[in-house]
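Data first, discussion second: the structure below is written as structure tokens.
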Amino acid sequence: MTDRHLKDLLDSTAPDQPDLPAAARAAAVTERSRAVTRRHRALVALAAVAVVGVGVAVPLALDGDDAPSRQQVADDPAPEEPALPAPQPCPDAPVAVDQLRPGDLPDDAAWARLCPATSGVGGAADLGEEEMGAVLVGDQATALVADIEALPRLEELRPECATMLVQPSAWALVVGDGNGGTATIGASVTACGTVPVAGQDRQVEAVLALATEALAAGS
């Protein structure tokens, strides 16, 4: 390269210092190149920081948008359980136990109570004012139904029942379910008899014992 060409190159890269000697101008060009390189590196670093900032800001922005929703869900109260139906009073007329059809007691028993009853052979059971006036609700009623259904199936009556003169004493147990319906079991006697529950005959004394004890304890 000729001196003229070198001078032209220096003039084009360092036009603001034309009077410097060639060596000094070359040093200036080198320094200027280094400054440009540093500036480029700084711009690249700033760009990288900006990209990282965007990457962090977007999730934060999304989290910020979702945060109220999450907070709202967390603050929402738990759904309330439906209220149990209120216990119904005993029927105005005594329950005719002779007309009861064998059926199942509700698993979702909401309430249970003993009610006056009658039969074709007459007589109503005297189960006590405390038991007849009491009512079981909620878990107590559900537990009573479960206990009755857990009684063993009665295959045959006790031998002494064949020689006993059993007085008619009808009784009925009315159980309400969670939908407002009712189911009723009962018998015309309180001893030496059976009560059909869930398709099986149960000992009448055992059923009455469970009902009267539960009602006396729950009153």
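Among residues that are farther than 25 Å from Q88 by Cα and outside any loop (DSSP other than H, G, I, E, B), E160 is included. Among the residues making up the range 196-211, those that are modelled with pLDDT of 95 or more and out of contact with any Leu (no Cβ under 6 Å at 6 or more places or on another chain) are V204, E205, V207, L208, A209, L210. Looking across the range 161-170, the residues that are in contact with a Cys (Cβ under 8 Å, 6 or more places away or on another chain) and either at pLDDT 95 or above or closer than 15 Å to T194 by Cα (or both) come down to C161, V166. Within the range 129-146, which residues are of a type in the set (A, V, I, L, M), open to solvent by 20 Å² or more (accessible area, probe 1.4 Å) and part of a helix (DSSP H, G or I)? The answer is M132, A143, A146. Residues in the range 97-128 that are among the polar types (S, T, N, Q) and open to solvent by 70 Å² or more (accessible area, probe 1.4 Å): Q99 only. Residues in the range 198-209: is at least one surrounded by 13 or more Cβ atoms within 10 Å (Cβ to Cβ) and at positive phi? There is at least one residue in the range 198-209 that is surrounded by 13 or more Cβ atoms within 10 Å (Cβ to Cβ) and at positive phi. Can you tell me which residue within the range 165-189, out of those that are open to solvent by 90 Å² or more (accessible area, probe 1.4 Å) and under 23 Å from A117 (Cα atoms), is farthest from the chain's Cα centre (by Cα)? So the residue we want is L165.
Number of residues in the range 182-213 that are out of contact with any helix residue (DSSP H, G or I) (no Cβ under 9 Å at 6 or more places or on another chain) and in a loop (DSSP other than H, G, I, E, B) equals 1.
Go through the range 92-128 residue by residue and tally those that are in contact (Cβ under 8 Å) with a residue 60 or more places away in the chain and assigned to a loop (DSSP other than H, G, I, E, B). So the answer is 17.
The values are calculated or read from the model by the stated rules, or taken from the named source; none is laboratory data. It should be emphasised that the depicted structure is a prediction, and the values quoted were computed from it without experimental measurement. Heads up, the Cβs are rebuilt from the backbone with ideal geometry, glycines too, and the neighbour counts pull from every protein chain shown. Ligands, DNA and RNA are excluded from the accessible area calculation, which covers all protein heavy atoms including side chains. Shrake-Rupley method; radii C 1.70, N 1.55, O 1.52, S 1.80 Å.
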